[in-house]
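Heads up, the thing below is written out as structure tokens.
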Amino acid sequence: MGVFRSFTVLFLFFSSMFSSEVGNIDYLLSQYAQKDDLSLQTKKESAGYLYIFTRADLDMMHVKSLYELVEKVPFIRYNENSAGLSDTNYSPYQNNVFSHIKIYINEKEMIAPFSGNGFQLLGQIDMGYIDHVEIYMGIPSFEIGTETSLTIIKLYTKKGDRENTSVFGTSFATRGTTDTFVYKSESMDDFSYLFYLNSRNLNREPVYNNSYKLSKDKNSNDLYAEIENNNYRFELQCVNGYMNNFMGESWDITPSVNKTDFWYIYSGLYYSSDDRTFKMSLNYAVNFSKNVQHSDGHLGYIPISVPPFYMIYDDMLLKLREDLSDIDIKKSIESEKNTLLIGLRGRYKKFVFKDRILGSVSMPKNSYDTEYISSLYFDDKYYINEKSILTGSVKFDKYFESGSVRDYRAVSGRLGYIYNTKEIGIKSFLFYGDITPTPYVLYYQNILSPNDIKKQKVISISSEITYRREENIFSFLIARNYYKDAIYFNGLEYKNLDDTPIYDTFSFRNTYNIKQFGKIEFNFWIALMDLGKNNKDRYRETHGGYLSVFNSVGRFDFYNSLSFICNHGSDDNGYNLNSTITYRYNKDISFYLKGENLLNDAIETTYYRYNPLTTVKTTLDNVNVFDRRVWLGLEYQF
Amino acid sequence: MKKIVIILIILFVNSLASDLNKIKVEIISQISSVIMKKERVKVFVSDRKFLKLKKDTKKIKFVNTCQDADIIVCKDIKNLPKECRNKIILCTRYRSYKRSDSAFGAIFWQKGRPNLIFSAKSIKERGIRLPNSFRKYIDE
């Protein structure tokens with residue numbers, strides 16, 4: 001970073017560090033908020049390595065979208081795919097092979113049945129109805145997730161007994177972006193509710209390939225409602241909108257039309273017994289999407305039976321309907337020094353292309369359009385003594401595929417040890433898990449090749465030690481992960497990798513709560529990758545981290561954060577400076593100024609497309625992953 | 001053995017909850033000492049969800065009936081016996097505070113944060129003078 005940028009960073013961080021005469025009652029109330037925020041999360045400490053963004057954190061950051069938090073998670077390089085959707089696994093031509101992040105809103109997994117990727121759905125959608133966020137790393141326990149993943153992000157919605165208010169908010173940002181919401185949430189005598197509406201028009205930084213504008217703009221309208229009492233909770237969500245899909249499928253990156261309209265509707269009913277040992281839930285979601293593309297070059301080709309044996313197309317219409325339904329039953333049994341959780345889950349996925357028109361050809365419906373998953377799991381905690389817990393869990397899954405796609409069985413198991421005193425905490429886990437191919441991979445493999453795809457396997461050994469001293473918390477995490485039979489696309493079909501990549505990861509974290517000042521968080525991580533002898537670029541190293549400062553002075557709240565990521569031996573490096581200042585005019589009205597990627601120096605991605613007819617490779621260099629954006633907003637409580 | 005399980009659960013899960021309880025007691029203690037100007041104030045807390053463990057301190061003695069209390073912390077005034085409704089009452093729900101003419105103040109959650117308010121009318125009627133650090137919590 002240059003001198004000017006370094007000065008800007010230092011100024012933003014240290015200008016807010018004025019000492020403030022905070023009355024004792026003010027301090028006690030802020031401590032009450034902080035401790036209450038954290039006490040909501042402690043019960044699941046045994047489920048994995050936990051990162052928490054409390055309500056206070058989210059409010060001070062004025063978080064607009066989930067990607068702002070994912071950027072802070074160690075070992076993850078946030079990215080966007082060629083359709084402009086959030087995708088940390090993006091690699092050219094490797095669509096939807098595997099998503100290692102699963103997203104939940106309360107107990108509902110947000111997943112697109114076809115792509116298997118919920119992060120694409122939610123990465124850039126509003127979060128105004130979210131109270132706090134828990135991120136579980138290191139292959140969390142089965143209590144939390146149905147399908148195996150490496151990272152689970154749980155978004156918890158606002159609750160009536162902590163809201164008791166109505167709020168209207170609106171904000172404007174660079175390039176004509178607007179975001180407006182209203183919500184009402186209250187606790188009544190016997191029940192509480194939340195009702196939330198949002199309308200967002202997100203105008204992204206355009207990217208140009210010669211004269212072609214590649215847009216990632218998104219427009220969405222979101223309704224979320226829930227009502228709950230001591231035993232039952234009912235949730236409802238409707239989202240509709242459209243998005244411009246950046247590069248799309250165009251061979252020369254010359255799209256003239258590239259847009260997806262979508263509708264998402266979800267409802268769920270959740271039951272919990274009075275003593276919380278028995279839980280049941282049933283939910284259903286449907287997603288309609290219509291993607292229209294036209295390229296001034298070509299989009300693809302269809303094999304035909306007459307010379308030249310292929311037909312090029314420049315237009316495409318895809319109408320996809322996806323249905324998803326889950327049923328979940330779990331029972332917790334406590335006896336002597338033991339707690340056993342038994343769970344049974346059923347999942348139904350359906351994905352039907354109502355229309356798949358390539359050029360002038362309406363493609364026939366594929367016989368593969370449904371997947372059922374049944375899961376049985378056991379999660380046991382044995383209390384060795386007052387400080388130590390031994391955990392063990394096993395999950396059995398059966399995937400019932402349709403058409404000519406074969407069924408899969410999957411087994412996952414986890415052993416763990418947890419040691420906890422007031423000052424020291426140790427968590428260690430050993431994990432083995434099967435990860436089946438996504439429906440997207442199975443669908444296209446079914447068209448492209450008669451060859452079978454094996455499921456992927458993950459073996460993970462990890463340990464974290466935490467040291468707490470008064471208001472200072474340090475933690476050090478180390479892990480080694482093996483990925484066997486990783487799936488990739490070789491240009492003609494999907495295959496399993498012969499090599500077994502190994503990932504070694506280290507992370508150091510410190511959270512320092514300073515009385516009458518606020519909080520400072522620091523994280524540094526390293527990921528060392530051995531991609532196997534058949535990979536010419538075998539060894540890779542990436543490191544990153546962030547420094548964040550949260551504090552309040554009088555009526556002002558400040559949030560400043562500098563994230564960085566460096567890929568050794570490449571130009572893939574970036575520094576992302578985010579800053580938010582909130583002014584609380586009175587109890588009911590506040591204004592804020594929020595800046596994202598202020599230095600315009602965050603990570604960039606290079607995209608490319610290959611034209612098989614002309615053999616020309618078209619490259620888009622240095623596309624900003626994070627837009628540089630400034631928001632001005634207002635919130636009014638009434 | 002079951003006692004061991006209960007102790008383990010309390011230690012493992014509630015370490016932060018006990019810190020939380022201490023902070024709530026300290027908040028009540030601060031409020032009580034500025035309102036009552038007494039060395040030790042008797043407090044009755046009927047809202048069990050708000051405060052689970054009532055541990056006496058130098059400034060506060062927790063009592064078991066509202067009749068014995070100087071200050072009452074409750075969810076809703078309408079649930080109190082009539083003879084207690086003239087005492088200094090802090091509601092733990094904003095709706096209860098707003099509905100009542102006699103509530104002195106409230107400590108409640110709103111917009112994800114704990115809030116504190118005191119009724120200007122009650123302060124004036126009782127001739128109480130709050131220190132500067134509490135003035136911003138007066139509900140005009």
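Values in this text are rule-based calculations from the coordinates and carry no lab data. Computed from a prediction, not measured in an experiment: that's the story for all the values here. A quick note on method: Cβ atoms are made from the backbone with ideal geometry, for glycine too, and the neighbour counts reach across all protein chains shown.
Numbers for the structure displayed
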item: Loop-located chymotrypsin sites (Phe, Trp or Tyr not before Pro) in region A:252-355, at most 15 other Cβ atoms within 10 Å (DSSP); result: A:F309
item: Ranked list, fewest to most other Cβ atoms within 10 Å of each Cβ, for A:V630, A:V70; result: A:V630, A:V70
item: Nearby aspartates and glutamates by direct alpha-carbon distance to A:K536 (threshold 15 angstrom, same-chain neighbours under 8 apart not counted); result: A:D498, A:D499
item: Cα-centred dipole magnitude for region A:302-399, charges only on beta-carbon of K, R (+1) and D, E (-1), debye, nearest 20; result: 140 debye
item: Sparsely packed trypsin sites (Lys or Arg not before Pro) within region B:22-80, loop by DSSP, other Cβ within 10 Å at most 12; result: B:K37, B:K38, B:R48, B:K49, B:K55, B:K58
item: Listed pairs A:K158/B:K58; A:K422/B:K52; B:K49/B:K124 exceeding 26 Å between Cα atoms; result: A:K158/B:K58; B:K49/B:K124
item: Antiparallel bridge percentage (DSSP; both residues within the protein assembly as shown; nearest 5); result: 95 percent
item: Simple spin-label estimate for A:F638 and A:Y417 in nanometres, 7 Å along Cα-Cβ; result: 6.0 nm
item: 10 Å Cβ neighbours from other chains, averaged over peptide A:159-169; result: 3
item: Sequence of A:V549, B:V25 once ranked by neighbouring C-beta atoms within 10 Å, starting from the fewest; result: B:V25, A:V549
item: C-alpha center-to-center spacing [region B:31-68, region A:609-631] in angstrom; result: 65 Å
item: Sites matching chymotrypsin sites (Phe, Trp or Tyr not before Pro) across region A:536-597 that sit in DSSP coil, with at most 12 neighbouring C-beta atoms within 10 Å; result: A:Y585
item: Nearest-ten-degree value, helix B:2-36 long axis tilted from longest Cα axis of chain B; result: 20 degrees
item: Shielding by partners - mean other protein chain Cβ count within 10 Å, residues of B:27-33; result: 2
item: Averaged over B:105-111, number of beta-carbon atoms from partner chains that fall within 10 Å; result: 6
item: Reachable aspartates and glutamates from A:K350, criterion Cα separation under 17 angstrom, eight or more residues apart if same chain; result: A:E109, A:E147, A:E322, A:D323, A:D326, A:D369, A:E371, A:E401, A:D407
item: Computed label-point distance, nm, for sites A:I473 and A:V630 using a 7 Å Cα→Cβ extension; result: 3.5 nm
item: FRET efficiency estimate (nearest 0.05) - Cβ-Cβ, A:I265 to A:Y232, R0 22 angstrom; result: 0.60
item: At least 18 Å along the helix axis (C-alpha) and Kyte average at least 1.0, DSSP helices within chain A; result: none
item: Partnerless cysteines, meaning none of the other Cys C-beta atoms lie under 4.7 Å away, in the protein assembly as shown; result: A:C238, A:C566, B:C74, B:C91
item: Globularity ratio of region B:47-138, using Cα Rg and 2.2 N^0.38 Å; result: 1.08
item: Which listed pairs, of A:K279/A:K349; A:K159/A:K319; B:K54/B:K98; B:K37/B:K136, have C-alpha distances above 29 Å, in listed order; result: A:K159/A:K319
item: For the protein assembly as shown, with +1 on Lys and Arg beta carbons and -1 on Asp and Glu, the positive-most of A:S215, A:V361, A:F119 along the dipole; result: A:F119
item: Theoretical ellipticity at 222 nm over the protein assembly as shown - DSSP helices of four or more residues, -39500 (n - 2.57) apiece, nearest 500; result: -4000 deg cm²/dmol
item: Straight-distance crosslink candidates among lysines, where the alpha carbon sits under 20 Å from A:K72 and sequence neighbours closer than 8 are dropped; result: A:K64, A:K102, A:K154, A:K519, A:K594
item: Ranked list, fewest to most other Cβ atoms within 10 Å of each Cβ, for A:S374, A:S335; result: A:S335, A:S374
